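Beneath this line is the structure, given in structure tokens, with notes to follow.
The values are calculated or read from the model by the stated rules, or taken from the named source; none is laboratory data. Remember, predicted model here, so these are calculated numbers, not experimental data. We place every Cβ from the backbone using ideal geometry, glycine too, and count neighbours over all the protein chains shown.
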Amino acid sequence: MADTAVHADEHVDHGGHYSSTGLSNNKLAMWMFLGSECLLFGGLISTYMLYRGRHSENLGPDQVWDIPFTSASSFVLLMSSLTMVLAVSSAVRDDDRNTKVWLSVTALLGALFVAGQVYEFTTFYREGLGFTTSLFSSSFYTLTGFHGVHVSVGIIMLMSLVGMISKNKVVGDKKETVELFGLYWHFVDVVWILIFTLVYLIPA
Amino acid sequence: MSTVTEQHNTHGDDHADHGLTDLGYIKIAIFLAVITAVEVVFSYTQDQLGAAFLPGLLILMAVKFFMVLLYFMHLKFDSKLFSLMFYIGLVLAVGCYAVFLATLHFFQS
């Protein structure tokens, strides 16, 4: 018990909240949140899989998908995971300048991905694939739209973090804060890995 | 792995070892990019691949998924409790929706 108290006290100086196991409560909560997000995206992906065949003859996945374009978008998001992990690595080294640079590059790549998604949605809409056109289109826009919102929220979080680091207003352990943002960003990438294969590459 | 560093800090066991060097992360990213390219090639050659197409694609997807999870998200180097928190959600989601899809005869079509 005494050991636990001493162990917990060791972490007070770093500004974070640690459980009796020595693990960060914030990080534990983030992993629990990401676990719960699996259920959200699992539901959306399952619904899409169920309804992907429910469309008119000329407006199905095989007719509207632009695989080279989506592959390029996937590559951009994948590379944003690399820049994010480099930001975390810089934060661990207390290198604020590089942390801000890599976080900004990550946000930029994320914005590029979202721009690609907006372009893709616009193209599909012009081809006649609206949200209520078919069960396929509804489930597709809901799934990829939810993912896009997650990326957009991530971009806002990243830019806020860059601002907070610049003004030295990060409360608590800065390294851990960057790491938590990184976990969220990587999860968004992981979900896209599933969407890219299950939605785009496997034919309906 | 030779690229594993010994970046220890004083913030507790949860992020005592951050795993790879920057070069190691770049190598992982290149590997992931190559797998993505192979996946795209798979989608264009599904007729030639035949029955190997779907399992091959799913295996490549799983490799990418776990590479990001284990290395970029540091689950390989972090406390097992973090892994447990995430895998509970993942297993619950996969199990729950597999039953959901099976109930609606998805796998028979």
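Taking the conditions (1) assigned to a loop (DSSP other than H, G, I, E, B); (2) within 14 Å of chain B (Cβ to nearest Cβ) in turn, A:LYS169 satisfies each one other than (2). Specify the residue that is modelled with the lowest pLDDT; the eligible residues are those in region B:74-91 that are touching a Ser or Thr at 6+ places or on another chain (Cβ under 9 Å) and at the interface with another protein chain (Cβ under 7 Å from one of its Cβ atoms). Filtering region B:74-91 for residues that are touching a Ser or Thr at 6+ places or on another chain (Cβ under 9 Å) and at the interface with another protein chain (Cβ under 7 Å from one of its Cβ atoms), the one modelled with the lowest pLDDT comes out as B:SER79. For region A:176-198, residues that are within 17 Å of A:VAL105 (Cβ to Cβ) and at the interface with chain B (Cβ under 7 Å from one of its Cβ atoms) total 2.
Checked against (1) under 15 Å from the mean Cα position of the chain (by Cα); (2) closer than 23 Å to A:VAL178 by Cβ; (3) at the interface with chain A (Cβ under 7 Å from one of its Cβ atoms); (4) among the aliphatic types (A, V, I, L, M), B:ILE28 passes all but condition (3).
Tell me yes or no: at least one residue of region A:97-106 is under 20 Å from B:LYS64 (Cα atoms) and touching a Ser or Thr at 6+ places or on another chain (Cβ under 8 Å). The answer is yes; a qualifying residue exists.
A quick yes/no check of all residues on (1) at pLDDT 95 or above; (2) buried (at least 16 other Cβ atoms within 10 Å of the Cβ):
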{"position": "A:GLU57", "(1), (2)": "no, no"}
{"position": "A:SER73", "(1), (2)": "yes, yes"}
{"position": "A:MET79", "(1), (2)": "yes, yes"}
{"position": "A:VAL85", "(1), (2)": "yes, yes"}
{"position": "A:ALA115", "(1), (2)": "yes, no"}
{"position": "A:GLU127", "(1), (2)": "no, no"}
{"position": "A:LEU143", "(1), (2)": "yes, yes"}
